């Protein structure tokens, strides 16, 4: 770790009844809890150590909500914590808008983003928003019966929502509370033009899964993070939660921004009259952009019809990038279920290229997970059947596993780092559904400065990761139809 400063300073925050004092010393930032503001017994000391920030490329800046090189006070639970404030990254970009802001967000429930959009809209800037149809309506508009019919995940989401909105904690969602904190209500009250993926007359594409903002046709904010409290800051119902592990990029390039504007315009159409989502959009091949003096970016959008060769799809572009690896491949993926991508990796493994992979714990050991292939095993589904065309590796990896994350959080990244020089990232999970059904984006960024940020994030997750098969999966393999075919 490099030295940050030879100066020492302190700062105080009052967080949830605790007085917190920060001290910046040689090479680190240390935070101690110094007891309760209400006079309760002192708490066990705990420290946050801040790593030296990496240099940022001026045109492609990378931010991570669980970064160990930054701190911020989370604005809703008032928690002082490690990480980049990804919501503020979006807000700052929106506030610079002079002529236009286009937002394509799978889900948007962060009020500071909604308020920033409202302010720009009222200032005469053209603001347009597209969301996934599932998240078009405010949860406050659910009836008692609809709430009762929610599944377990929906119930948890609703309870988090109530806790989020109900600022005075009286159990009621007052109009002034929803007006202040309900992002969809803020957008609707401001009369900001808003569409979802049913605007093309369908029931919606499989998922409108984008997460991007284009400002003035010149600046792009894009990455893996949905614009939600769960994805960026953390779940209200889980104190330890720090938000799903995510990142955002801020790219200053009219050429790259134009590509995303074109994607947005296809979905927007003429305010919904000619909107095209999913496979109703035409095929778009990968397009390249150069950013002086030393960056290249390729961009491609999903979905791709299965009538076209897989190699022409976004996952085909990923496979092509993997095939170029000469030194190393590092993967941090929410979902990894495309067999052809596993096959592409196996070819590099056979050539002796070191491969490390982390998959979200909720997906890593499912029967369709390609993480199992990399580990040389197969598991049957609940009907005792194996995935068609499954191909466990004959020479398995020992460098595949799951990260250990704060309670309630997921590994939501979708990135790969190749040779420490190239980053593959975007909204697209490495799955067939993302490739052939969803509205998605992928960026291939050749820039060593940017790659260093993603490598640091991968190494943070990999340190302490649980590699190999857990005992529960090994036990399942010993059961009847669980034998490796």
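Okay, residues lined up against (1) surrounded by fewer than 17 Cβ atoms within 10 Å (Cβ to Cβ); (2) under 15 Å from residue 422 (Cβ atoms); (3) outside the structural domain of residue 395 (by TED's automatic domain parsing):
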{"site": "294", "(1), (2), (3)": "yes, yes, no"}
{"site": "311", "(1), (2), (3)": "yes, no, no"}
{"site": "320", "(1), (2), (3)": "yes, yes, no"}
{"site": "336", "(1), (2), (3)": "no, no, no"}
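Here region 187-218 is the region considered, the condition is being surrounded by fewer than 22 Cβ atoms within 10 Å (Cβ to Cβ) and in a helix (DSSP H, G or I), and the residue that is farthest from the chain's Cα centre (by Cα) is 189. Restricting region 338-375 to residues that are without any contact (Cβ under 8 Å) to a residue 24 or more places away in the chain and more than 24 Å from the chain's Cα centre (by Cα) leaves a set whose member that is surrounded by the most Cβ atoms within 10 Å (Cβ to Cβ) is 351.
Within region 413-430, the set of residues being part of a loop (DSSP other than H, G, I, E, B) and surrounded by fewer than 24 Cβ atoms within 10 Å (Cβ to Cβ) comprises 419, 420, 421. For region 48-60, state whether one or more residues are in contact with a helix residue (DSSP H, G or I) (Cβ under 7 Å, 6 or more places away or on another chain), surrounded by 18 or more Cβ atoms within 10 Å (Cβ to Cβ), at pLDDT 90 or above and not in a loop (DSSP other than H, G, I, E, B). So far as region 48-60 goes, yes, one or more of its residues are in contact with a helix residue (DSSP H, G or I) (Cβ under 7 Å, 6 or more places away or on another chain), surrounded by 18 or more Cβ atoms within 10 Å (Cβ to Cβ), at pLDDT 90 or above and not in a loop (DSSP other than H, G, I, E, B). Of the residues making up region 124-157, just one is within 22 Å of the chain's Cα centre (by Cα), farther than 21 Å from residue 237 by Cβ and either in a helix (DSSP H, G or I) or free of Cβ contacts under 8 Å to residues at least 12 places away in the same chain (or both), namely 133. Would you be able to tell me the number of residues in region 437-457 that are surrounded by fewer than 21 Cβ atoms within 10 Å (Cβ to Cβ) and either under 15 Å from the mean Cα position of the chain (by Cα) or free of Cβ contacts under 8 Å to residues at least 12 places away in the same chain (or both)? Here the count works out to 0. Checked against (1) over 17 Å from the mean Cα position of the chain (by Cα); (2) at pLDDT 95 or above, residue 379 passes all but condition (2). Note on region 61-93: residues that are within 16 Å of residue 458 (Cβ to Cβ) and either assigned to a strand (DSSP E or B) or without any contact (Cβ under 8 Å) to a residue 12 or more places away in the chain (or both) amount to 3. Considering (1) surrounded by fewer than 17 Cβ atoms within 10 Å (Cβ to Cβ); (2) at pLDDT 95 or above; (3) touching a helix residue (DSSP H, G or I) at 6+ places or on another chain (Cβ under 9 Å), the lone condition that residue 96 does not fulfil carries the number (3). Residues in region 141-160 that are surrounded by 15 or more Cβ atoms within 10 Å (Cβ to Cβ) and in contact with a helix residue (DSSP H, G or I) (Cβ under 9 Å, 6 or more places away or on another chain): 142, 150, 157, 158, 160.
When every residue of region 112-123 is checked against the conditions, none turns out to be part of a loop (DSSP other than H, G, I, E, B) and either crowded, with 19+ Cβ neighbours inside 10 Å or outside the structural domain of residue 223 (by TED's automatic domain parsing) (or both). With respect to the stated conditions, residue 300 is under 19 Å from the mean Cα position of the chain (by Cα) and buried (at least 17 other Cβ atoms within 10 Å of the Cβ).
Confirm whether residue 70 is more than 26 Å from residue 179 (Cα to Cα), crowded, with 17+ Cβ neighbours inside 10 Å and at pLDDT 95 or above. Answer is yes for this residue.
The values are calculated or read from the model by the stated rules, or taken from the named source; none is laboratory data. Everything quoted here is computed from the prediction, not taken from an experiment. Don't worry about glycine lacking a Cβ; one is built from the backbone with ideal geometry, like all the others, and counts go over all protein chains shown.
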